[in-house]
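For reference, the structure discussed in these notes is given below.
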Amino acid sequence: MNRIAPLPLYSSTGRHGYSSAISTDPRRVLARKREHEIDVRFTPVACTVQTSEGLVHAAPGDAIITGTTGEHWRVSRARFPDRYRPVPPTVAGQAGRYVSQPNNILAVPMDEPFEVLLADGISRLSGRAGEWLVDYGDGSLGIVSEAIFATTYDIVD
C-alpha cells in the first residue's frame, strides 16, 4: 500500500521574533523588502481571500491587498501599520494606495512542496518547490513565488 507522506508544515506563532525552524535553516537568507505601491481596502466583515497559495480567512478591519501583478493577500489590522504607510492623499486606515516599508525578513528557498499554517490557526497555504518560505519576524510566515521575490526583496546577506 502506497502512503503519501504529509508535506512539511511550518506554523506561524503570532509572537514577535523569527521562527527557530527558519532562523536555523542553513539555506536561509536575510532580505529587505523594497518599497512598492499597492492598492489596499479594509474588509468591514469577516471574509475569505483567495490568494495564489490558498484560501485565507480575514477578520473585520484586516487589509486586503492587491499587488503589482494583481495577486491578493491579507494582512491583519494589527500588523498592517508596521508594514505599509499611506501614499497621499490616502489617509491611514482608509482604502487607497499604500507603500510597503523596507522591513527585513528571513527567507528560505524551498526545494520541495510545503505548507504554512497562518497565525489564525485556520488558514493554510500551499507552497511549491522553488518558492520562498518567508518569516516576517512578527510571528507570521508566508509564501512568495520566485518571480515576486525577485522583484520585491533585496538579499542583504
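The values are calculated or read from the model by the stated rules, or taken from the named source; none is laboratory data. In this text the structure is predicted, and so the values were computed from the model without any measurement. Note: ideal-geometry Cβ built from the backbone for every residue, glycine included; neighbour counts use all protein chains shown.
For Ser126, only one of the following conditions fails: (1) part of a loop (DSSP other than H, G, I, E, B); (2) polar (S, T, N, Q); (3) at pLDDT 95 or above. What is its number?
(1)
Kindly list the number of the only condition in (1) at positive phi; (2) at pLDDT 95 or above that fails for Asp111.
Going through (1) at positive phi; (2) at pLDDT 95 or above one by one, Asp111 breaks only (1).
When the residues of region 74-115 are narrowed to those that are under 17 Å from the mean Cα position of the chain (by Cα) and free of Cβ contacts under 8 Å to residues at least 12 places away in the same chain, which ends up surrounded by the most Cβ atoms within 10 Å (Cβ to Cβ)?
In this case the residue turns out to be Pro81.
Suppose we filter region 116-130 for residues that are farther than 20 Å from Ala5 by Cα and touching a residue at least 40 places away in the same chain (Cβ under 8 Å); how many remain?
The total comes to 5.
Results for (1) farther than 20 Å from Trp132 by Cβ; (2) in the same structural domain as Thr152 (by TED's automatic domain parsing), shown as yes or no for each residue.
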| site | (1), (2) |
| --- | --- |
| Leu9 | no, yes |
| Arg15 | yes, yes |
| Ser20 | no, yes |
| Thr24 | no, yes |
| Val29 | no, yes |
| Val40 | yes, no |
| Thr43 | yes, no |
| Val56 | no, no |
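Looking at Asp25, Asp39, can you tell me which residue is within 14 Å of Arg74 (Cβ to Cβ) and touching a residue at least 12 places away in the same chain (Cβ under 8 Å)?
Among Asp25, Asp39, only Asp39 is within 14 Å of Arg74 (Cβ to Cβ) and touching a residue at least 12 places away in the same chain (Cβ under 8 Å).
Among residues belonging to region 1-40 that are of a type in the set (S, T, N, Q) and assigned to a loop (DSSP other than H, G, I, E, B), point out the one that is farthest from the chain's Cα centre (by Cα).
Looking at the filtered set, the residue picked out is Asn2.
Give just the number: which of (1) under 15 Å from Ser11 (Cβ atoms); (2) in a strand (DSSP E or B) does Arg74 not satisfy?
(1)
Among the residues of region 54-71, which ones are modelled with pLDDT of 95 or more, part of a loop (DSSP other than H, G, I, E, B) and not aliphatic (A, V, I, L, M)?
Pro60, Gly61, Asp62
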